[in-house]
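K.L.:
Sharing a structure here in structure tokens format.
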Amino acid sequence: MLKIKLLPMAGLLVLSTVGSIGAPVAIAGGVDGLLPHRAVYDLSLIKASDRSGISGMDGRIVYEMTGSKCDGYSVRFRFLTEVQTSRKKFTNDQRTTSYEGGDGRSFSFVNQSYLNGQLEQELRGRANRKDQKVLVEISKPEAVKVELDDAIFMTEHIGMLIDAAIKQQSIVTAKVFDGSDKGDQLVETTAIIGKKRAEMVDIEGEPNEVRQQFEGQSAWPISVSYFSTAASAGQGEKLPIYQVSFIMHESGVSRDLKMRYDDYS
């Protein structure tokens, strides 16, 4: 059965509506300037190879981020897709709830995956950064402890990209722990940051009242490639597991995001 992979950040496709908490003006850089917000994104298939078996795909993502550097950041993320193949139609429903300490040292997560409305997998765990290591404790589906190389967590990664964009850096690499898959690996990321957009970007289908919320904010086109950190000796040049491209505003809100995998986007 085809699985739709859950992305490790607030990456989303075609913007439908955004409801912001607080006024998106006078934004500071990095995590200090992240704007708590709730966004709903409609998804549609751009293309799929014959090998993928996908003939159609629609869906929706709901993303909600609350908190601050003092209180830490809570994220609720739901990624629902309806996939059509030549043989059948099915739904994938992936739900993530996470909390990241404002100092970037602790991270807890609950990931649930539903197939056609039935819970197929649930992963619960927490991670702490200590002595240049990430120590992971999985409590469900079974108790497991894992020691990984040092890395940053999701919200800090978003702040890092914003800081780099403000400083006009064009390439940013980082190891990230997001609790995805089995929660026992890091992902290596390489971000390419384009030049700051001087004018407001129009996105097809975006309501005007949504667009107005971003007036006066700086924004940059960003493309991020994600690589597995699993051993790959003798396999030659690493290829990304997937890529995302989006417009990142200084408030941490993403617009016009596209997700690209080997067989579909």
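Each reported figure results from applying straightforward, stated rules to the coordinates on display, with no laboratory input. Just so it is clear, the structure is predicted and the values come from calculations on it, not from any experiment. All Cβ positions, even for glycine, are placed from backbone atoms using ideal geometry, and neighbour counts span all protein chains on display.
K.L.:
Obtain the radius of gyration and the Kirkwood radius of the chain from its C-alpha atoms and give Rg over Rh.
P.N.:
Rg/Rh for the chain comes to 0.95.
K.L.:
Can you compute the charge dipole magnitude of the stretch 14-260 about its Cα centre, using +1 on each Lys and Arg Cβ and -1 on each Asp and Glu Cβ, nothing else charged? Give it in debye, rounded to the nearest 20.
P.N.:
Charge dipole of the stretch 14-260: 380 debye, to the nearest 20.
K.L.:
When the chain is modelled as a GNM with alpha-carbon springs shorter than 10 Å, which of Lys238, Lys182, Lys69 fluctuates the most?
P.N.:
Sorting by GNM fluctuation, first place goes to Lys238.
K.L.:
Give the residue from Leu80, Gln118, Tyr261 lying farthest towards the positive end of the charge dipole for the chain; charges sit on Cβ (+1 for Lys and Arg, -1 for Asp and Glu) and the dipole is referred to the Cα centre.
P.N.:
Gln118
K.L.:
How much net charge surrounds Gly56 when only the other residues with a Cβ under 13 Å from the Cβ of Gly56 are counted, with Lys and Arg +1 and Asp and Glu -1?
P.N.:
The answer is +2.
K.L.:
Could you name the lysines whose alpha carbon sits less than 24 Å from that of Lys238, not counting residues in the same chain fewer than 8 places away?
P.N.:
Output for Lys238: Lys3, Lys5, Lys47, Lys133, Lys175, Lys182, Lys258.
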